[in-house]
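This report concerns only the one structure given below.
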Amino acid sequence: MTVRAVPAQAGPPDGPAGAAAARRLLPSPGTGAAMARLGEVAARLLGGTAGRVWLLPEGVGDGGAVAALCAATAATGRVLAVGDPPADVPTDAAGATGAGAADAAADAAARALLGRGRAAPRAFLGAPLVDQDGRVVGALGVACDAPRAWGTHDRGLLAELARAAVAQLELSALTGEREVDRARLELVLAAARVGTWEWDLFADAVVWDARSLALYGAGAPAQDLGLDDVLGRIHPDDVEQVHAALAAAAASGGGLEVEFRVVHADGAVRSLLAAGRTVADASGRPRRMLGVNIDVTESRTGVRRRLEASRRATGLARVALALTGAQTEPDVLEAVLGQGTATLGAVGGIVGLLDEAAGVARLTLTGDFDASVREDLATAPLDADLPVVTAATTGEVLAFGDREQLLRRYPSLADLVRRTGTQALVAAPLRHAGRPLGALLLRWAQPQPLEAEDLQVVEGLAAQAAQALARVRADAAREAARAAAEAAARRLSLLVEIGEVLAPLDDEDGRRGLRRLAEAVVPELADWSVLTLADDAGRLHDVGWSHRDPARGEAVRRCAALGTAVAARLEGPVVERLSAGEPLVLPALTDEVVHRLLPEPGLVDAVRALDPGGAVVLPLVARGRLLGSLALVTTSGRGPHTPDELATAREVARRAAAAIDGARLLHRTQRVAEALQRSLLTSPPRVPDLDLQVRYVPAVADARVGGDWYDAFTTPDGTTRLVIGDVMGHDTAAAAAMGQVRSLVRALASDRPEGPAAVLSRADRAAQVLQVGTYATVLTAELHRPSPQRPGAWRLRWHSAGHPPPLLLLPDGGVRVLESEPGLLLGLDPTTDRADEEALVPLGATLMLFTDGLVERRSQPLDAGLERLARILGDLAALPLDELCDRVLATVLAEDPEDDVALVAVRPRQPQHEGEPEDGPEDEREGEQ
């Protein structure tokens, strides 16, 4: 005998879950008979002697071997076939379909169960019962009293029968559950006295259950009632309301909720609440309406209050949402007075916000207040006899359910109450974190019961409003602080920019920089500006103007010209005020103000065309003198200047006046210094057959004087002497020291015929004796005319006391640096030995002596500067000497010079024949730049 376990759709049962699923499918008495018949059918179809449907919760009990084999089948979760194979099928082949532990367990169970006693089966075929969730809940088994081999057809047929058994059990279970649910629903509806109904919108037929019939007092069968029958049982006063609600729900496909009264045959009146919803067909059209009827006669008042509370809660939730999104105080007031009053059924409201600084409450009204009431109640003193003020200042909640109560407390409001039609009101304080903010007042046109619940709702609305007000005020304060910080940063940035604009006032009045000043203050301090200066003679000049719209700049210029023309003739308080350093602040620059201040034809129209708002005219005063004015004008959309803008404008004017005054002082000092410098630097001599050019360029800083100098003169023996030097320093002290050293060297070089080194040696000793007390780099040189032995060149002798070497530019463009061993600076050591250097200067060549300012920079060493100068000279060899000097300075000093520059250039020419005019320079200019 062999036991074969054939795989099925499920595995072994999953313990408690499978048992619970099987319990749900336990057959009812009727279903149990059907399952017994199914077992008999299975036995007949498979040629067995017995068949059985077995479920897990049954257990084996006294079911005998068949029940035990069914239990074994359920345990494996597979089709279980037990019997003798045909003689022609080997045992190992027959057992090949079984596998593993499941076959072993089934084989053991079969050997233990089959053939036990005379009634025990000799063959068995079982299939598991698997529910829709894949759980094994039992088994269907067929037994034979004779050995048998089960074929594939047998096993498939039994599996189909097992699925049919499960389907029947599922259907039976669902039917039973539905009946239980229906019974439960009936119990609930009966306990709640709720009836159900269904209205077929196409057939206009209303089907009621028995409870609805009882609620309406109807005795006819439910199927015999139409809509008119329903409406006929409703109280006449409520018919129109119900009909409208039904029609609206049917038309919109929405829900229904309506309360009404019905009249029974015995005259009894009951209050019902009908609620329902519309069901649409496949096309989306309303097809039927399903609903319930509830008898609310005893709880009508309670239901209404609950509905009202629900409505209020919904409305207050909307108000809370609006308050959450409020960004400003008007947003908060709109949410409270708009949505809040509607939610509470009030006809209007007032919010009073405390302005303690002004000593008033500022009131905002909503509702049907007329214009006179709104005007009377715009503000109220903090001691005003008004409920909203009382609530705001005392924190008291005031409630008056009727006009009589209200006037007993506030008799002075009789006229106002009559004018506004107020019958009841509540006033609740607005407080946040213990701080009073104001109060909320709601009023009704009908008396109100105003119970504790009502007051709690109003207080809750007031608390929400107070919290929202505190939040938006805090947000506004933060935003104002941020804006103020940004504005302060912009003003500080403007002052920094003004400092940069005013720093390089490089002409006497600084007009180029002041034009930029007029542009810099727009738009931070004004929408357009005009800057006017007075010269030393008192004449006014517009030096700068600007408009935030560049296209209107010309209009500002014309307006400024007209204003300046008349301002030049003005005398009196305005001029006295500006001269005293007081700004003229005009919050509104109207036509009348313009005409009164500047009575010039056409000026009023010119100013009006620029759409002025406010203006301020700031004097530019320094050392008690009025130097000019700065006019800052806003447009009408911007309004007058703020206090911070005025403070910044005053600082701008102060800095501008100081810069202008400083520029004028500097230029006056520079003119004096330059005159002094020119007096110390004489014009070069006219030397036959020799072009000689000199240049001096002062540094841009300080007073434009320094210690650089040049000198050129001829001695009685016909020698041309050249001197160039640089005394340390760049101020008037350096210029004075330079004058001493220059005079000393000039005197010593002209009193006797000796070489440059000897001259500087004597100058060293003389400086010590005279206690000149300064050091200088000096290069002295002398030029001797060509001799018969050297007819094509001049002889050059020179000595350098720490000075940059001269350059020799040859006619072909080559450049030589006349290097030498430089001696010590003049004034360091009177005992130092000095020696002359010599070189030849060919006709047409150019010898150039210069101070270090021409070749030395902070970012460039001396050698690099010499190389650069040599390259520049090489490109200019063909130019006349005066033009060459100008081009060198323009190229090398392309930017403002950091140091003084002195330059001497000489170029030997072919000797002139007797009677021919010299072609040298005739203006004997010193060539300063």
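The values are calculated or read from the model by the stated rules, or taken from the named source; none is laboratory data. No experiment lies behind these values; they were computed from the predicted model shown. Reconstructed Cβ throughout: ideal geometry from the backbone, glycine too, with neighbour counts over all protein chains shown. Just the protein is used for accessible areas: all its heavy atoms, side chains included, with ligands, DNA and RNA removed. Shrake-Rupley method; radii C 1.70, N 1.55, O 1.52, S 1.80 Å.
Quick notes
- With contacts taken as Cα pairs under 8 Å and at least 6 residues apart, the range 681-908 reaches a relative contact order of 26 percent.
- Across all Cα pairs in the range 399-439, the calculated P(r) in 10 Å bins from zero up to the longest distance comes to 28, 40, 25, 7 percent per bin.
- Taking every C-alpha pair closer than 8 Å and separated by at least 6 residues, the mean separation divided by the residue count of the range 505-669 gives a relative contact order of 24 percent.
- Averaged over residues, the count of other Cβ atoms within 10 Å places the peptides 535-543, 252-260 in the sequence 252-260, 535-543, highest first.
- Label-reachable residues, the range 314-347, where backbone N falls under 17 Å from a point 7 Å from Ala474's Cα toward its Cβ: 323-329, 332
- If you take all other residues with their beta carbon under 14 Å from the beta carbon of Pro716, and give Lys and Arg +1 and Asp and Glu -1, the sum is -2.
- Exposure check, 1.4 Å probe, all protein chains in place: Ser859 carries approximately 110 Å² of accessible surface.
- FRET efficiency, 1/(1 + (r/R0)^6) with R0 45 Å, evaluated for Asp833 and Asp875 via beta carbons: 0.70
- Ranking Arg654, Arg785 from most to least accessible surface, computed with a 1.4 Å probe over the protein chains only, gives Arg654, Arg785.
- Cut-off 12 Å between beta-carbons: net charge of the residues surrounding Leu157, Lys and Arg +1, Asp and Glu -1: +1
- Residue separation of Ser372 and Gln327 scaled by 0.36 nm, minus their Cα-Cα distance, works out to 13.2 nm of gained length.
- Here the peptides 458-470, 681-693 are ranked by packing, the mean other Cβ count within 10 Å, and the order with the highest first is 458-470, 681-693.
- Contact order, relative form, for the range 314-477: 24 percent (alpha carbon pairs under 8 Å, 6 or more residues apart, mean separation divided by residue count).
- With the simple spin-label model, which puts each label point 7 Å out from Cα in the Cβ direction, the Leu492 to Thr152 separation comes to 9.4 nm.
- Evaluated on the range 193-296, the Kirkwood hydrodynamic radius is 13.6 Å, with distances taken between all distinct Cα atoms.
- Annotation for Ala265 and Ala485: the two label points, set 7 Å from Cα along the Cα-Cβ direction, are 8.4 nm apart.
- Euclidean distance of C-alpha centroids, the range 396-466 and the range 268-291, integer Å: 42
- Gained length - Leu455 relative to Ala357, 0.36 nm times residue gap less alpha-carbon distance: 32.2 nm
- Model label sites at Arg887 and Glu170, defined 7 Å from Cα along the beta-carbon direction, differ in position by 10.9 nm.
- Cα-based radius of gyration of the range 505-669 once divided by 2.2 N^0.38 Å, which approximates compact folds: 0.96
- Calculated FRET value between Glu898 and Ala658, using beta carbons and R₀ = 25 Å, to 0.05: 0.45
- For Arg858 and Thr714, the difference between the fully extended length at 0.36 nm per residue and the C-alpha to C-alpha distance is 48.2 nm.
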